[in-house]
Every structure is written in structure tokens, then in C-alpha cells.
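Okay, so here's the structure we're looking at.
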Amino acid sequence: MNKTLQHLGPVCAVVGSQWGDEGKGKLVDILAGEYDIVARATGGANAGHTIYVGGKKFVAHLIPSGMLHPKARCVMGNGMVVHLPTLIEEMEVLDKAGIKVDGRLVISDRLHITFDYHKLIDGLQEKRKGKNKVGTTGRGIGPCYTDKIGRFGIQMGEVLDEKRFAAHYRENLERLQKMYRFKHDGEAELKELKKAIKRLAPLVTDTSLYLAQALAKGKTILLEGANGTMLDIDHGTYPYVTSSNATVGGIITGTGLPPMALTSAVGIVKAYTTRVGSGPFPSELDNALGESIRQAGGEFGATTGRPRRCGWFDTVAVKYAVRVNGLTALNLTKVDVLSGLDMLKIGVGYMYKGELLKEMPSDREILENCTVVYREVSGWKEDITGITDFTKLPKACQKYIEALEKYVGCPMRFIGTGPNREQMIVR
Ligand code: IMP
């Protein structure tokens, strides 16, 4: 193991540090080969971790992407919300690719189940919000977490008891149908779920105990974050956020690991900024340049296929992510996408009503109406795809990265120069 990887220690968290889609899957995939266990803690099928193995694309929505490493054991933690048929589909894709799931995947008995009616409610809520819609992924995430926090939710452990589960399901559906005025064929869903539950039952366990026992045996754990810091329900651009804690705090409650067990936290940041869905995005490039970055970076959602909004790197947002997550290192991704530009802009502050703001404001009114203060730096023309040595990068590219590091106050120890595993500078 090289020095940078050793520095991460036995329990490392990897979290998105912008608005999601930063490219977490690739670092997780690289590190998964070094860790015994890979665990996911929060979110559900709203996340989409894209990994390229041998040039082949694989998108994991629910299963930790560490599954692609034959030796890694994978955990789906208690903080997740899981649509069981989607999980089964992913398992089947892996099965067909010759990747063994049984004996390697454990599922928390405390995680919450997302049902088809949660998806319906997600759609209805968005429709009712009209122009103020969140632009959700439509995966039922918000309604499922609403049930969880409202103490109506159905946990994985409960579905194993068929009678008790069916009664609770019917009761919930009846209440929700009245509340949101919709109709859903619950009996058909219950019937469909039977097979899925039978298939999953042997994998269900107390995963916080599993992780504690693994720690006691000296096993190493990689924690795979989902979504992104600016989408965190508490720390993100509320209400244009997801319904869980996408920050390191969520990883702790979402697995049951003791906070002091964590030895490092790596934040993933794209060399520019993207966002899908609605909500403030101060450094957005709603113009031809934004479109050309979208095309060059293939910025279309892994989960919904929606075009991602693109913009300059915002150091105010990332500095905030470094603070609320306690990040010990960053992984800058997709720097190669910026090759060919004459000039790059770095967002270093927000101007609002004549005042310069250098810290992330909580008020969306400010974020929607501020102007970004930029620092301009030179671009580079050379193709940098696949470079693995920092000193081989064009000088302008090195300077861009060093400027970002200075503004956000965290070292960029991993720098992605292409989609494949091996296209990464580690320093
Ligand atoms: P939800 O999580 O489907 O409720 O969506 C809430 C907001 O978070 C929407 O703007 C989504 O586009 C965004 N979102 C949720 N998960 C991700 C993700 O993994 N990447 C990027 N955006 C996400």
C-alpha cells in the first residue's frame, strides 16, 4: 500500500463534497481493493455510482460498489432506504457478470423499505409543488424517509415476518392513500415482494454488530457515501436537498459505527461543479460554455439520465464541505474534461447586497441572488488523459489544482485524469 493510502487508516469514509455525482464510485472502487469491508450508510436508489472496469460501465444504485472486488465484503447499513425489486435487479446483473453476491453482502435489519407507493407519492408531491419542485430522482426517497421519521416506516427485519409485515403495509398504504389521494394495488405489490424477500432473507443481519465485530478482529472498513454534502438534509441547500444526511455524520448514524472509529474522510470534488434538479447554484454556467462542459464531461445523470447543470468550481461550497465533514483529503475528479479551455474561473466568494461573503450562507434567498466573485487562471491545451504523475501535468493545470487546494484548505491527494481505475494521480 502506498503512503497516501496508508494515511487513510483502517476506517475511511468517502463522501461527495458538492451536489452529488462527483465520481465517488471510482475512488471507492480503487480503495475497495485495499479494505476488507465496504459499507453504504444512507440514501437509496437516488444514488448512482458509475464504475468502469476493463472499459465496461457498471452503475450501482443500492449495492456498494465495492462488490466488484471479489475479496471485499459489503454492507448495506441501517440508514439506507431500499426498494427491494431494484436491489434484486442489481444482484441479477452482478450474478450474470459472474460476481458472487451471496456470502459477501449483508443487509441491515434496521434499514427502511421503499415501496412503489413511495415513488407515487414522490411524483405527486413534486407535481403539487409546481415551479418550486425539488427535481427529485422520483425514487420515493423523501416519502420513505418521511415514514421513517414519522415512525410509520417498515424496517427490513419486519418484512421477514410475513403476517406482521402485510398488516403494517396495508395499514400504511390505507393511511397514505387517504392523505395523498391516490390508488395503488397493494396486494399486487405484496405478492411481488414475496419472492424478493425470500431471496434476501439470508442476507439480513444486525449490521452494526457485524461491523463492530469486524473492527474488533482488526478488519478495515471503507464507508461509501451517497449523494453529496450540498444535498444533505441539514447542511445542504434546503429545501433543494435529499432527505438524508449525506455528510460524514450520516455515515456514522447510518452504520452504527462509533464516530471515534473513523480514521480519515476523503471528499470527492469534481474539477468544476454540477447539479441535477432544482435549487440555487451560484457558479452555474447557463450558456454555451456550460453546454460544452456538459458534453465533454458526459454530464447526464447516472440515475435519471437528466442533463446536469454545469458551472465553475465553487471554493466557498467545497471549503464548507471540508469543514462540516472534517475532510482529511480530497479527490479531484475529471480534471481532463477541462483541457482545451483558454481560461478557467474559480469561485472564491459571493457578493450579496454589496457585502462579500466567504462562508456558505444558509439562506437560499442569498444563494439565489448573489453574484460570484471569481479568480481567473490560465487554462491548458494538452490532453492530460491517463497521466499518473502530478509533475507531468501542464504547469497551468498544476497551478489550477494548487489554487483550489489553497482556497478550500485541504490537500488534493487523489486527482482523476480519466474514467478508468488506473487513470489517477495519488500524491
Ligand atoms: P431525491 O433524493 O430523489 O429526493 O432528490 C432530491 C434532490 O437531490 C434532487 O435535486 C436530486 O436530483 C438530488 N439527488 C439525489 N441523489 C443524488 C445523487 O446521487 N446525485 C446527484 N443528485 C442527487
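The values are calculated or read from the model by the stated rules, or taken from the named source; none is laboratory data. Quick caveat: nothing in here was measured; it's all calculated off a predicted structure. Note that each Cβ is placed from the backbone with ideal geometry, even for glycine, and that neighbours are counted across all protein chains shown.
Note on the stretch 135-148: residues that are surrounded by 19 or more Cβ atoms within 10 Å (Cβ to Cβ) and either within 6 Å of the ligand (Cβ to nearest atom) or within 20 Å of Ala302 (Cα to Cα) (or both) total 6.
Arg73 - would you say it is surrounded by fewer than 23 Cβ atoms within 10 Å (Cβ to Cβ), among the basic types (Lys, Arg) and within 20 Å of the chain's Cα centre (by Cα)? Let's see the steps before the verdict.
Numbers: surrounded by fewer than 23 Cβ atoms within 10 Å (Cβ to Cβ): yes; among the basic types (Lys, Arg): yes; within 20 Å of the chain's Cα centre (by Cα): yes.
Against the criterion (surrounded by fewer than 23 Cβ atoms within 10 Å (Cβ to Cβ), among the basic types (Lys, Arg) and within 20 Å of the chain's Cα centre (by Cα)), Arg73 qualifies.
Scoring Asp95 on the criteria (1) at pLDDT 95 or above; (2) loosely packed, with under 14 Cβ neighbours inside 10 Å leaves a single failure, condition (1). Only one entry of Lys345, Lys381 meets the criterion of being of a type in the set (D, E, K, R) and part of a strand (DSSP E or B), and that entry is Lys345.
With respect to the conditions (1) within 16 Å of the ligand (Cβ to nearest atom); (2) out of contact with any Lys or Arg (no Cβ under 9 Å at 6 or more places or on another chain); (3) at pLDDT below 90, Lys3 lacks only one, and its number is (1).
Take the conditions assigned to a loop (DSSP other than H, G, I, E, B) and either in contact with an Asp or Glu (Cβ under 9 Å, 6 or more places away or on another chain) or more than 16 Å from Val269 (Cα to Cα) (or both) and apply them to Ile366. Does it pass? For Ile366, the condition - assigned to a loop (DSSP other than H, G, I, E, B) and either in contact with an Asp or Glu (Cβ under 9 Å, 6 or more places away or on another chain) or more than 16 Å from Val269 (Cα to Cα) (or both) - is not met.
Within the set Thr50, Thr42, Thr86, the sole residue that is of a type in the set (Ser, Thr, Tyr), within 16 Å of the ligand (Cβ to nearest atom) and without any contact (Cβ under 8 Å) to a residue 60 or more places away in the chain turns out to be Thr86.
When you look at Ile197, is it in a helix (DSSP H, G or I), within 28 Å of the chain's Cα centre (by Cα) and within 16 Å of the ligand (Cβ to nearest atom), yes or no? Can you show your working first?
Working: in a helix (DSSP H, G or I): yes; within 28 Å of the chain's Cα centre (by Cα): yes; within 16 Å of the ligand (Cβ to nearest atom): no.
Considered against the rule, which asks whether it is in a helix (DSSP H, G or I), within 28 Å of the chain's Cα centre (by Cα) and within 16 Å of the ligand (Cβ to nearest atom), Ile197 comes out as no.
Restricting Asp336, Asp342 to those that are more than 16 Å from the ligand (Cβ to nearest atom), of a type in the set (Asp, Glu) and surrounded by 21 or more Cβ atoms within 10 Å (Cβ to Cβ) reduces the list to Asp336. Among the conditions (1) within 30 Å of Val373 (Cα to Cα); (2) small (Gly, Ala, Ser); (3) more than 16 Å from the ligand (Cβ to nearest atom), Gly236 misses just one, which is (3).
Counting only residues that are under 17 Å from His83 (Cβ atoms), more than 28 Å from the chain's Cα centre (by Cα) and among the polar types (S, T, N, Q), the stretch 150-182 holds 1 of them. Considering only residues in the stretch 218-233 that are out of contact with any helix residue (DSSP H, G or I) (no Cβ under 6 Å at 6 or more places or on another chain) and polar (S, T, N, Q), the one that is farthest from the ligand (Cβ to nearest atom) turns out to be Thr220. Going by what's in this entry, would Glu291 be described as acidic (Asp, Glu) and in contact with a Ser or Thr (Cβ under 8 Å, 6 or more places away or on another chain)? Judged against the criteria, Glu291 is not a match.
What residue, among those in the stretch 239-268 that are in contact with an Asp or Glu (Cβ under 6 Å, 6 or more places away or on another chain) and β-branched (Val, Ile, Thr), is nearest to the ligand (Cβ to nearest atom)? Talk me through it step by step, then tell me what you get.
Narrowing the stretch 239-268 to residues in contact with an Asp or Glu (Cβ under 6 Å, 6 or more places away or on another chain): 245-247, 268.
In the following step, the residues that additionally are β-branched (Val, Ile, Thr) were identified as 247, 268.
Working: Thr247: 14, Ile268: 11 Å.
This residue is Ile268.
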